[in-house]
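These notes are about the structure you will find just below.
The values are calculated or read from the model by the stated rules, or taken from the named source; none is laboratory data. These numbers were taken from a predicted model, which means no experiment stands behind them. Cβ: placed from backbone, ideal geometry, glycine included. Neighbour counts: every protein chain shown.
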Amino acid sequence: MPRVKRGPKRARRRKKILKLASGYVLTKSKLHRSAKESVQRALRFSYRDRRVRKRDFRSLWIIRIGAAARQHGLSYSRFISGLKKAGVALDRKILAELAVDDAAAFGKLAETAKQAAA
């Protein structure tokens, strides 16, 4: 078999890995093998955590909505159930923003949920 000299292709591939590893500590940003391992690990975490971020935010919204609902004498589940029965179609992100920023509007929603649940 003929000998293969990889030349510029190999250099480009290594340069790409080292560029992704810039900012890493010690050999992880300098040596190709260490950098490659670190970059692969980082990419796995970033892929996984793009999904975890969605879970984290949803649970944060639920906590905020639950705390605000309790101030109006409702549990989270009764609040959400009441809103569904009343036909209010707001998602948890918007409800959480209302709970934090606009307490009066959230209070009206809580009253709506109470009346629909009763």
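Structure above, values below:
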{"read-out": "Residue, farthest from the chain's Cα centre (by Cα), within region 59-78, restricted to residues that are surrounded by 14 or more Cβ atoms within 10 Å (Cβ to Cβ), of a type outside the set (Val, Ile, Thr) and in a helix (DSSP H, G or I)", "value": "78"}
{"read-out": "Residue match in region 39-47 (condition: among the charged types (D, E, K, R), under 30 Å from residue 15 (Cα atoms) and out of contact with any strand residue (DSSP E or B) (no Cβ under 6 Å at 6 or more places or on another chain))", "value": "yes"}
{"read-out": "Hey, residue 29 touching a helix residue (DSSP H, G or I) at 6+ places or on another chain (Cβ under 7 Å) and surrounded by fewer than 14 Cβ atoms within 10 Å (Cβ to Cβ) or not", "value": "no"}
{"read-out": "Residue match in region 95-108 (condition: surrounded by fewer than 16 Cβ atoms within 10 Å (Cβ to Cβ), within 30 Å of residue 10 (Cα to Cα) and either at pLDDT 95 or above or touching a Cys at 6+ places or on another chain (Cβ under 8 Å) (or both))", "value": "no"}
{"read-out": "Region 84-93, residues that are more than 11 Å from residue 62 (Cα to Cα) and in a helix (DSSP H, G or I)", "value": "84, 85, 86"}
{"read-out": "Condition check for residue 81: of a type in the set (S, T, N, Q), modelled with pLDDT of 95 or more and in a helix (DSSP H, G or I)", "value": "yes"}
